[in-house]
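Here it is: the structure, laid out below.
Bear in mind these aren't lab numbers, they're just calculated from the coordinates by the rules spelled out. Here the structure is a predicted model, which is why all the values come from computation and not from measurement. Please note: Cβ atoms are built from the backbone with ideal geometry, for glycine as well, and neighbour counts cover all protein chains shown.
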Amino acid sequence: MTILRPATRLQPQDLRPLSSALSTVVAEVDWRPEIVKLSRFHDEAEVQLVNRVHARVAGLLGRTVEALSAEAMRSLVAEHFSTALDDEHVSVNRTDRLRLQDAVFAEIIGFGPIQDLLHDDGISEIMVNGARQVWIEREGKLYLTDITFADSDHVVRVIQRIIAPLGRRCDEASPMVDARLPDGSRVNAIIPPLSLVGPILTVRKFRRVPLSPDELIRHASISPEALQFLRACVRGRLNIIVSGGSGAGKTTLLNALSSYISTRERIVTIEDAAELRLQQMHVITLETRPANVEGHGEVSIRDLLRNALRMRPDRIVIGECRGAEALDMLQAMNTGHDGSLTTIHSNGPRDSLARIETMVLMSGADLPLRAVREQVAAAIDLVVYVERMQDGTRKITQISEVRGYESDLITMQDLFVFQRDGFDGQHVLGALRPTGIRPAFSEQLLSRGLELPLQWFGYDGEPREPERV
């Protein structure tokens with residue numbers, strides 16, 4: 001509970017940290033990205049050379065590209081590349097020849113300038129802003145690269161090559177698209193006239209090996225005590241919401257928490273784009289389907305959730321709750337399907353519940369707000385909030401219990417809070433610590449043989465009342 005204290009007069013020594021903080025703000029405003037050298041090419045002349053050679057090789061190959069295997073195509077490209085390069089009267093050594101040949105090969109059957117980025121495990125996100133800007137995210141930080149495309153049409157060709165095998169389209173009739181690559185990476189593209197800066201492509205890459213709970217500790221995303229607590233909550237079959245902003249690490253955390261589900265249980269996962277990689281044996285993965293060109297055949301998360309309830313699930317894990325399925329999710333949680341997990345975009349634990357209320361009210365169900373809040377309070381046990389910090393790290397900053405419903409308000413209480421100790425210019429300083437509040441569900445966990453260390457939740461001073469939202 002927030003306590004207001006009397007204001008105190010600032011002393012001269014208090015102004016030095018303030019001055020330092022203002023300097024940091026000015027530095028952030030004046031920040032200019034460092035351009036990272038990732039392009040295959042040494043200069044613009046090489047770019048133009050590859051564009052000319054690629055056009056010629058593509059013309060020689062014709063439609064044989066679609067009929068040949070990758071190895072046969074590589075051999076044929078090498079043959080035509082040598083001929084086209086000789087016709088350019090350009091002398092290059094063997095190393096440069098192979099490098100430029102790979103660039104042409106990437107243009108013909110690969111993903112052009114971003115081919116290498118897609119295979120770099122250290123890059124988590126690729127952002128193409130028109131033909132002249134390609135950004136990447138590495139270890140939570142954004143970097144501008146020296147990679148460019150020839151023009152906007154070049155970007156569109158790469159977009160089409162990415163989504164065509166997935167049965168998707170992106171053109172004037174349908175100028176934006178969401179898709180999933182075979183490795184699980186998520187792709188979003190939007191082109192003019194909706195985008196005023198040219199074609200935009202965003203690829204959120206999928207980790208081949210998901211982060212384990214122990215790795216979350218090594219990355220300082222969570223404290224050992226908080227992880228032990230969440231492990232007990234998952235095994236104790238509490239209904240948990242993982243919330244946070246875009247790119248905060250919600251799915252990563254959900255995947256890690258799901259690893260604590262017993263291998264004896266039948267788990268049904270429901271996602272827009274299948275990203276969860278649960279290691280248990282009895283896992284059923286369901287994925288939504290968009291409407292076809294005629295606007296028919298869409299299968300939503302709500303449709304899949306209703307079907308999942310008929311599949312005898314022990315656990316239901318929803319990749320992201322963001323629409324009318326919120327009502328069905330609450331009803332499932334309140335009718336015996338405990339231990340469910342999902343994620344939601346929000347600005348905090350309280351905002352998570354407010355968003356769920358809004359989604360239920362927009363689902364078309366004629367329910368009074370009081371009934372909705374009663375369902376929310378009865379269904380959800382815990383909200384875990386994760387943030388992407390200014391140093392690029394992802395950290396759990398709040399673990400909050402939903403205590404109940406009183407006087408038309410949902411009551412919540414923070415059980416763990418990240419206490420910030422400052423910023424040293426490179427790293428956010430602080431730790432996730434228990435607040436001293438013992439959760440109301442501790443007896444429920446104890447009845448399942450899951451005991452929590454009492455020293456985490458010892459009251460200091462007067463007992464604290466739960467906050468109302």
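Report the semi-axes of the equivalent ellipsoid for segment 141-249 in whole Å, largest first, where each axis is √(5λ) for an eigenvalue λ of the Cα gyration tensor.
In descending order the semi-axes read 38, 16, 13 Å.
Can I ask one more? Let's test the formula: R0 of 30 Å, r as the Cβ-Cβ distance of N93 and D153. What FRET efficiency results, to the nearest 0.05?
With R0 = 30 Å, the Cβ-Cβ based efficiency is 0.40.
Over segment 213-468, what per residue volume does the convex hull of the Cα atoms give, in whole Å³?
With only Cα atoms used, segment 213-468 gives 141 Å³ per residue.
Give me the one-decimal nm value for the distance between modelled label points at Q390 and M176, 7 Å along each residue's Cα-to-Cβ direction.
For Q390 paired with M176, the spin-label model returns 3.1 nm.
Equivalent-ellipsoid semi-axes (√(5λ), Cα gyration tensor) for segment 300-341, whole Å, largest first?
For segment 300-341, the semi-axes come out at 14, 11, 9 Å.
Something else about it: Filter the GluC sites (Glu not before Pro) in segment 225-282 to those in DSSP coil with at most 16 other Cβ atoms within 10 Å of their Cβ, and list the result.
Of the GluC sites (Glu not before Pro), the ones in loops of segment 225-282 whose Cβ has at most 16 other Cβ atoms within 10 Å are E265.
Let me ask you something else. Any idea what log10 I(q)/I(0) is at q = 0.07, 0.08, 0.11 Å⁻¹ for the chain, Debye with uniform C-alpha scatterers and no solvent?
-0.48, -0.61, -1.02
Which three extents, in whole angstrom, do the alpha-carbon atoms of segment 35-204 cover along their principal axes, largest first?
42, 36, 29
Assuming R0 = 45 Å, what is the FRET efficiency of H119 and N334, from their Cβ-Cβ distance, to the nearest 0.05?
0.50
A further question on this structure: What does the helix-only formula give at 222 nm for the chain: each DSSP H stretch with n ≥ 4 adding -39500 (n - 2.57), the total divided by the residues, and the result rounded to the nearest 500 deg cm²/dmol?
Mean residue ellipticity at 222 nm (helix-derived): -10500 deg cm²/dmol.
In whole percent, what relative contact order does the chain give with Cα contacts below 8 Å and a gap of six or more residues?
About 11 percent, as a whole number.
Would you order V155, V36, V293 from fewest to most other beta-carbon atoms within 10 Å of each residue's own beta-carbon?
In order of increasing Cβ crowding within 10 Å: V293, V36, V155.
On to the next question. Can you quote the Å³ per residue value for the convex hull of the Cα atoms in segment 319-375, rounded to an integer?
Hull volume normalised by residue count: 80 Å³.
What is the gain in length, in nm to one decimal, between Q444 and M311 on full extension, counting 0.36 nm per residue of separation less the C-alpha to C-alpha distance?
Full extension of this stretch gives 45.2 nm more.
Also, I was wondering about something else. Hey, rough spin-label estimate for E79 and D303, points 7 angstrom out along Cα→Cβ, what's it come to in nanometres?
Going by the 7 Å Cα→Cβ label model, 4.7 nm.
At a 10 Å Cβ-Cβ cut-off, how would you order C233, C321, fewest neighbours first?
The order, fewest Cβ neighbours first, is C321, C233.
FRET efficiency for L194 and N292, Cβ-Cβ distance as r, R0 = 22 Å, nearest 0.05?
For R0 = 22 Å, the calculated efficiency reads 0.60.
When every alpha-carbon pair in segment 310-430 is counted, what percent end up more than 21 Å apart?
Looking at segment 310-430, the distances longer than 21 Å represent 44 percent of pairs.
Starting from 0.36 nm per residue, how many nanometres of slack lie between Q228 and K141 once their C-alpha separation is accounted for?
Using 0.36 nm per residue and subtracting the Cα-Cα distance, I get 28.4 nm.
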